[in-house]
Amino acid sequence: MITYLMCFILFLTGLYGVITRRNLLKIAISLSIMEVSAFLFFTLIGYVEGGKAPIVSPAEPNQVYVDPLPQAMVLTAIVIGLATTSLLLAIIIRIYGKYGTFDIREIKNLKG
Amino acid sequence: MNPVIPILVIVPLAGAFLMMLLGRLIRDLPKYFTSVIMLFLVIASFYSLINIGPGISVYKTGGWEPINKIPIGIYMVLDGYSAIMLCIISTIGFLSAVYSISFIKRYTGENYYYALFFLMVAGMNGVVLSGDLFNIYVFLEISVIASYALVAFGVGKSELEASFKYQVLGSIASFLILFGIGLIYWKTKTLNIADIREVFKNGYDNTYYVFVQLLILSGFGLKAAIMPFHAWLPDAHSSAPSPISAMLSGVFIKAVGIYVIIRLFFNMFVISEEVALLITSLGALSMVLGVFLAVGQWDIKRLLAYSSISQMGYVILSAGAGMILISRGEKPEVAALAITGGLFHLINHAAFKGLLFLNAGAIEYRLGTRNLKEMGGLSEKMPITSATSFIASMSISGIPPFNGFFSKLIIIVACVRARFYLLAILAVIVSIVTLATFLKLQRYAFYNKGSDNESHSVKEVDGPMVFSMITLGILCILLGLLAFPSFRELVLKPAVDILMNADIYIVKIIGM
């Protein structure tokens, strides 16, 4: 239970960062933290009490294994997260080139 | 196994890689090649629409057959509903690709543009064909990441800002969706949409279930820009290059947002009345507020973007009205009528909103401005743009005999017959305000006497752009035919049947 709680705290940390930070880079970092909490959650739901890594060997037929599917999904999701983060950072670099600041309050070209 | 299903995803994916490899070696290859491939996709998707009829065909990726009727591989599912979406994606995609031939000339890096365009199409086709929850997420991310990059393609100040906003909100949406999928997997230990329904039918914890539904609704609602989640849409859709705006507004929010919401809530979740009411009120909210925000805009593409929110409200509203009736178990024929109206409006909106964005792009291409106050008198200088824009404006405002009239009529009739009189009145009022919005657009852009001093050099746009606009204009008129019973039976009825009877969907997928 405590691990789920910590996972939730990680999510709240990320959300707090996204909402309160004014620096573009810090927003990007907070988004990553939020994503990581989702990944952690996925790995947790695949965990089986006393389970081993799911490499099936005929020597131990009664061995309990953890659910491998969430792990596969997390790997996919991490790759996607990498693509999103790198694109976000590329956009931030371009924004810095145009506006000369990372402060989100200065970047308000679009209104209405 | 239907070989068309993987082809529809693989061909655009391969196209994206080919663009990157060959585009540098052979100049001019990307632009024509893109149109050819998109034309191929149009043929393939219409072939599947005609072929599929009321049936469902399943493609099991990697050939993993189910064990004890429990699906283990990733399922790609083609049915009437996804076939309609495929046709919308490929048709608007093809016309946008043709339009891009002359429009994208003034940007650098055409190869990247077309590669991203293909990635977006591949992702949307994948989402639409997916019968597996996590697969939906993966393809959704492919298309969404491509759209982030395309919104920022102009790399000006406002493009970058819009893309940043879009990415932050999009990442939050992806997080919500991923979290929702995780919660569903936790309880059901499966990811196949039909299998999840099967497990949920055998009883569930209600609080947990509603929480999951809300997560999924807000995640995909963010992608679909339903009202409380709409903040990114006007920025993103107005900053993108115009053919991409047409894709984003005409296809993208439908394929990755509305399509998935309707599919999941009809075919995966057992509909409960509270959630159905929530969806209907969100739809009504976006319908009303969207149009009132649109009417005050002076930036032509922003105006169109806000009006997209409002028109998507119609679709959500009619789907929600159908859901309420289904959850109460009364008047199934009225529920079917409401869903038919929603789907019909979805198709129509793709045609006329795509056309309006292409018109806006043509004006921007010649005048270099998007401000309505700086336009005027264009009806003589750009006759084709003006005529097609008039058709689209009348369609979107629901003037007979154009297509928008019929779909709005079906939605309003369904609301009246279901005794949701308030919704029917709201739909009529919004339609009138939409008319006012688009009369304003027509008057300021095309008929007012403009500032003549510099605009005498303005002339009609190039051939490919004209081709796309005229084709969409003809579509706007022809799509009205879908309202007549024989066409409706052929195209809309299979889709509505699949949505109405989730059991058929399950039996055909798991029972094979």
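The values are calculated or read from the model by the stated rules, or taken from the named source; none is laboratory data. Source: prediction; values computed, not measured. Positions of Cβ are generated from backbone atoms using ideal geometry, with glycine treated the same way; all protein chains shown enter the neighbour counts. SASA here: full protein model, heavy atoms, side chains in, ligands and nucleic acids out. Shrake-Rupley method; radii C 1.70, N 1.55, O 1.52, S 1.80 Å.
In this structure, the pairs whose alpha-carbon distance is over 20 Å, taken from B:Lys165/B:Lys223; B:Lys69/B:Lys508; B:Lys157/B:Lys373; B:Lys60/B:Lys223; B:Lys60/B:Lys254, are B:Lys157/B:Lys373; B:Lys60/B:Lys223; B:Lys60/B:Lys254.
Once all protein chains are placed together, B:Leu116 keeps about 40 Å² accessible to a 1.4 angstrom probe.
Is the protein assembly as shown rounded, prolate or oblate when judged by the Cα gyration tensor, a ≥ b ≥ c being the square roots of its eigenvalues, rounded requiring a/c under 1.5 and prolate requiring a/b larger than b/c? Since a/c reaches 1.5 and a/b is larger than b/c, the shape of the protein assembly as shown is classed as prolate. Taking only the C-alpha atoms of chain A, Rg followed by Dmax gives 19.6, 67 Å. Surface calculation, 1.4 Å probe, protein heavy atoms: B:Ser147 sits at approximately 0 Å² accessible.
Accessible area buried by the pairing of A and B, both sides summed with a 1.4 Å probe, works out to roughly 3300 Å². Distant-in-sequence amide contacts of A:Tyr65, defined by a placed amide H-H separation under 5 Å and a gap of 5 or more residues or a different chain, comprise A:Lys52. For region B:334-423, the percent of C-alpha pairs falling in each 5 Å distance bin, counted from 0 to the bin holding the largest distance, reads 3, 14, 19, 18, 13, 10, 8, 7, 5, 2. With contributions of -39500 (n - 2.57) from each DSSP H run of at least four residues, the per-residue ellipticity at 222 nm computed over chain A stands at -23000 deg cm²/dmol. Applying the Karplus relation 6.51 cos²θ - 1.76 cosθ + 1.60 with θ = phi - 60° to region B:205-219 yields 3J(HN,Hα) values of 7, 5, 4, 4, 4, 5, 4, 4, 4, 5, 4, 5, 5, 6, x Hz, where x marks Gly and Pro. How much of the accessible area of the protein assembly as shown, probe 1.4 Å, is carbon plus sulfur, in whole percent? Answer for the protein assembly as shown is 68 percent, counting heavy atoms of protein chains only. Report, to the nearest 10°, how far helix B:4-22 tilts away from the longest principal axis of the Cα atoms in chain B, using its own Cα long axis and a range of 0 to 90°. Computed tilt is about 40 degrees. Treating each Cα of region B:4-510 as an identical point scatterer and summing with the Debye formula, the log10 of I(q)/I(0) at q = 0.06, 0.08, 0.12 Å⁻¹ comes to -0.25, -0.45, -1.04. Take every pair of alpha-carbon atoms less than 8 Å apart whose residues are at least six positions apart; their mean separation over the length of region B:4-510 yields a relative contact order of 17 percent. Under a 5 Å amide H to amide H cut-off, with H placed in plane at 1.01 Å, what residues pair with B:Ser130 once short-range neighbours are removed? Answer set, sorted by chain and number: B:Val77. Candidates B:Phe446, B:Leu95, B:Ile339 compared by Cα position along the dipole of chain B: farthest toward the positive end lies B:Phe446, with charges placed on Cβ.
Using only alpha-carbon positions in region B:84-216, the gyration tensor eigenvalues give semi-axes of 35, 18, 10 Å once each is multiplied by 5 and square-rooted (largest first). For region B:155-163, backbone phi angles converted through the Karplus equation (6.51, -1.76, 1.60; θ = phi - 60°) give residue-by-residue couplings of 6, x, 4, 6, 4, 5, 5, 4, 5 Hz, Gly and Pro being listed as x.
Shape analysis of region B:3-116 yields a ratio of the Cα radius of gyration to the Kirkwood radius, Rg/Rh, of 1.08. Please report how far the C-alpha centroid of region B:336-356 lies from that of region A:33-71, rounded to the nearest whole angstrom. For region B:336-356 versus region A:33-71, the Cα centre distance is 45 Å.
Per-residue ellipticity at 222 nm computed for chain B from its helices equals -25000 deg cm²/dmol, with DSSP H segments shorter than 4 residues left out and the rest contributing -39,500 (n - 2.57). Per residue, the protein assembly as shown exposes 38 Å² of accessible surface when a 1.4 Å probe is rolled over the protein heavy atoms with every protein chain present. Taking trypsin sites (Lys or Arg not before Pro) as exposed when their DSSP state is a loop state and no more than 15 other Cβ atoms lie within 10 Å, the longest site-free interval of chain B runs over B:190-418. Shown in residue order for region B:423-440 are the 3J(HN,Hα) couplings computed by the Karplus curve 6.51 cos²θ - 1.76 cosθ + 1.60 at θ = phi - 60°: 4, 5, 5, 4, 4, 5, 4, 4, 4, 5, 5, 4, 4, 4, 4, 7, 5, 4 Hz (x for Gly and Pro). Taking amide H positions as modeled 1.01 Å from N, with prolines and chain starts lacking one, the residues under 5 Å from B:Ile72 and 5 or more places away or on another chain are B:Ile67.
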